[in-house]
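Written out below as structure tokens is the structure these notes cover.
The values are calculated or read from the model by the stated rules, or taken from the named source; none is laboratory data. A quick note: this is a predicted structure, and the numbers were derived from the prediction, not measured. So basically every Cβ, Gly included, is an ideal-geometry build from the backbone, and we count neighbours across all protein chains shown. The protein model used for the area step is the full one, side chains on, heavy atoms only, and it has no ligands, DNA or RNA in it. Shrake-Rupley method; radii C 1.70, N 1.55, O 1.52, S 1.80 Å.
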Amino acid sequence: QLAAVSRYAEAIGLLFQIVDDLIDVEQTAEHVGKRTGKDAEAGKRTYPGVLGLDGARAAADETLGQAVSAAETFGADGERLVELARYLRVRTR
């Protein structure tokens with residue numbers, strides 16, 4: 001179980017970052033409630049910057065699959081973890 005929790009935690013953290021990078025590129029400052037585009041302005045390496053938008057989206061989908069797979073190890077007890085992962089993939093803020 002510890003290994004599954006560790007896989008989930010790693011995947012969910014990476015998923016959050018990939019989606020955050022996508023939000024910074026795809027959403028408006030008004031929608032997000034903060035300035036967007038600042039990562040590119042700062043010269044930071046981001047998933048969309050390295051992989052392109054389609055590549056970053058694919059990486060997010062793959063990482064979501066890894067998180068879901070790890071959470072499903074727990075059966076019904078992992079359902080909330082699956083829900084959280086799926087929400088993080090589609091969030092826009």
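Data for the structure
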{"quantity": "Within the accessible area of the stretch 3-82 (1.4 Å probe), percent carbon and sulfur", "calculated": "52 percent"}
{"quantity": "Selected from A71, Q17, L81, residue furthest toward positive end of dipole (the stretch 1-91; charges at beta carbon)", "calculated": "Q17"}
{"quantity": "In degrees, nearest ten, helix 2-26 long axis to first principal axis of the chain (Cα)", "calculated": "20 degrees"}
{"quantity": "Most fluctuating residue given options A42, A60, A70, as computed from a GNM of the chain linking Cα atoms under 10 Å", "calculated": "A42"}
{"quantity": "Square roots of five times the Cα gyration tensor eigenvalues for the stretch 1-72, Å", "calculated": "26, 12, 10"}
{"quantity": "Sequence-distant residues sharing a close amide H with T36 (under 5 Å, placed H)", "calculated": "A29"}
{"quantity": "Degrees, to the nearest 10: 79-90 long Cα axis against longest axis of the chain", "calculated": "20 degrees"}
{"quantity": "Charge dipole magnitude, Cβ of K and R +1, D and E -1 - the chain, Cα centre, debye nearest 20", "calculated": "240 debye"}
{"quantity": "Residue-normalised accessible area of the chain, expressed per residue, 1.4 Å probe, Å²", "calculated": "63 Å²"}
{"quantity": "Between 0 and 90°, nearest 10: helix 47-72 axis offset from the chain longest Cα axis", "calculated": "20 degrees"}
